[in-house]
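Beneath this line is the structure, given in structure tokens, with notes to follow.
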Amino acid sequence: MPVYKNEKNGTWYVMARYVDWRGERKQKCQRGFATKKEAQEWERQFQLQKKADIDMTLESFCKLYEKDVRPRLKLNTWLTKEHIIQTKILPYLGNRKLSEIKAKDVIDWQNEIRTLKTPGGKTLSPTYLRTIHAQLSSIFNHANRYYDLNINPAKKAGTMGMEESKEMLFWTKEEYLQFAEAMMDKPLSYYAFEMLYWCGIREGELLALTPADFDFEAETVRINKSYQRLKGEDVITSPKTRKGNRTIKMPKFLCEEMQDCLKMYYDLKDSDRLFPVSKHYLFSEMDRGCKAMGVKRIRIHDLRHSHVSLLIDMGFTALAIGNRVGHEAEKITYRYAHLFPSVQTEMANRLDMVFMIH
């Protein structure tokens, strides 16, 4: 076995040889093992990975899983998965062989996860428990589909937690106008909230906007990217969904306001962010405005709900609204059904008509 001792510092290292997916012979050197046994175990797991042998540990398989799925995911999506894997899965099941983990083991793991507490001392929410289990199941599904694992033990054990329906808050137009008045002392904040409320765009979409996205002749704004702050760096990604790529028609007053916004900058390039602030900044400004005007506190994302509810109240269809905010019409109908007050009445009236014809 290609395990050697570094006589200078007393550590062990591995010279592992393997054949890659192109059929080419390769060699990998891994250093810094405290004992020969640790070096031999690393080499054994490495060779199992290269052979895609399901007798490898779950921890070793997760490295393959990352290599397979990470290139297809947005960075923020992968970081969420990685956090769950590193903190909620591997500390409990990481040393177990992938092929030996049974449904009963998953049930025991679920019971352990249910006892965990947040830094504030609360138990994990049902929605988060469901997300954690879904990640474990996703790993086993990947092993089942591509690495010949016979069964997904997480699926057999059944899920834990449940998806909670979050309360949907929104402002009326009057409430928003009250809030906006408090923002007028900070033009950047005012223009940011104007875009959020009157266009219904997502927070990340707002923070990714550049001067090049606006066409004031056509009175439109282009939404084709999203901003995230990840690991201390500004990251621009594609929109959250496929329908997120869209062009929004702006009301004339908003076009005029955004032209005024652009004039605030001395040297703004077409590719520069128009709102070079953080999500925390918007959160703080929301707090400030609500306290100043006595308006009920809603989340930043609830401004999007407020825009949709305004359009529903104005009589627009779910299809038209969905195209504007980047959602499928079915999702608009499902999420905002309680805001379509005329639908039930219309259904009853048409059923009356059917009965009378009969």
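The values are calculated or read from the model by the stated rules, or taken from the named source; none is laboratory data. None of the values given here were measured: they were computed from a predicted structure. As a convention, Cβ positions derive from the backbone with ideal geometry for all residues, glycine included, and neighbour counts pool all protein chains shown.
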Task: Yes/no for K81 being modelled with pLDDT of 90 or more, assigned to a helix (DSSP H, G or I) and of a type outside the set (F, W, Y) - done: yes
- [ ] May I ask you to list pairs of residues, at least six apart or on different chains, whose Cβ atoms are under 7 Å apart, with the first in the stretch 264-283 being touching a residue at least 24 places away in the same chain (Cβ under 8 Å) and the second being surrounded by 15 or more Cβ atoms within 10 Å (Cβ to Cβ) and of a type in the set (V, I, T)?
- [x] D270/T210; S271/T210; D272/T210; R273/T210; L274/T210; L282/I300
Open item on the list: Let me spell it out: the conditions are (1) in a helix (DSSP H, G or I); (2) in contact with a Leu (Cβ under 8 Å, 6 or more places away or on another chain); (3) of a type outside the set (G, A, S); (4) without any contact (Cβ under 8 Å) to a residue 60 or more places away in the chain, and K155 meets all of them except one. Which number is the exception?
Closed with: (2)
Task: Test for I151: is it surrounded by fewer than 17 Cβ atoms within 10 Å (Cβ to Cβ) and over 30 Å from C255 (Cα atoms) - done: yes
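Quickly run through the stretch 223-277 and pick out the residues that are at negative phi, in a loop (DSSP other than H, G, I, E, B) and in contact with a Leu (Cβ under 8 Å, 6 or more places away or on another chain).
Applying the first criterion (at negative phi) to the stretch 223-277 yields 223-230, 233-277.
So of that shortlist, the ones also in a loop (DSSP other than H, G, I, E, B) come out as 224-225, 238-241, 245, 250-251, 264-277.
Correct list: M264, L268, R273, L274, F275, V277.
Among the candidates R70, R44, which residue alone is under 30 Å from T241 (Cβ atoms), in a helix (DSSP H, G or I) and free of Cβ contacts under 8 Å to residues at least 12 places away in the same chain? Spell out how you get there, then give the answer.
Working: R44 fails: under 30 Å from T241 (Cβ atoms).
Matching residue, one of R70, R44: R70.
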Task: Residues of the stretch 187-222 that turn out to be in a helix (DSSP H, G or I) and under 17 Å from E257 (Cβ atoms), as a count - done: 16
Open item on the list: Restricting to the stretch 62-77, name every residue that is under 16 Å from S226 (Cα atoms) and not hydroxyl-bearing (S, T, Y).
Closed with: L73, K74, L75, N76
Open item on the list: Regarding the stretch 161-171, can at least one residue be identified that is of a type in the set (A, V, I, L, M), touching a Lys or Arg at 6+ places or on another chain (Cβ under 8 Å), part of a helix (DSSP H, G or I) and more than 30 Å from N111 (Cβ to Cβ)?
Closed with: no
Open item on the list: Pull out all pairs, ordered by first then second residue, where Cβ-Cβ is under 6 Å, the residues are six or more apart or on different chains, the first lies in the stretch 224-243 and is under 18 Å from I201 (Cα atoms), and the second is assigned to a loop (DSSP other than H, G, I, E, B) and not small (G, A, S).
Closed with: N224/N245; S226/P239; I236/K225; T237/K74; P239/N245
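If you go through the stretch 97-129, how many residues are of a type outside the set (V, I, T), within 26 Å of M56 (Cα to Cα) and part of a helix (DSSP H, G or I)? First the steps, then the outcome.
In the first step, residues of the stretch 97-129 are kept if they are of a type outside the set (V, I, T); the result is 97-100, 102-105, 108-112, 114, 116-117, 119-122, 124-126, 128-129.
If we keep only those that are within 26 Å of M56 (Cα to Cα) too, we end up with 97-100, 102-105, 108-112.
Imposing the further condition that a residue be part of a helix (DSSP H, G or I) reduces the set to 98-100, 103-105, 108-112.
Final tally of qualifying residues: 11.
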Open item on the list: Could you check the stretch 169-179 and list, in sequence order, the residues that are buried (at least 16 other Cβ atoms within 10 Å of the Cβ) and either free of Cβ contacts under 8 Å to residues at least 12 places away in the same chain or of a type in the set (A, V, I, L, M, F, W, C) (or both)?
Closed with: F170, W171, F179
Open item on the list: Given the criteria surrounded by fewer than 19 Cβ atoms within 10 Å (Cβ to Cβ) and either outside the structural domain of C199 (by TED's automatic domain parsing) or in a helix (DSSP H, G or I) (or both), does S284 qualify?
Closed with: yes
- [ ] Would you check if there is a residue in the stretch 300-321 being among the aliphatic types (A, V, I, L, M) and at pLDDT below 80?
- [x] no
Task: First in the stretch 180-206 and small (G, A, S), second anywhere and not in a helix (DSSP H, G or I), Cβ under 7 Å, 6 or more apart - done: A192/F275; G204/S226; G204/Y227; G204/Q228
TODO: Check whether at least one residue in the stretch 300-309 is farther than 14 Å from L196 by Cα and in a helix (DSSP H, G or I), and report yes or no.
DONE: no
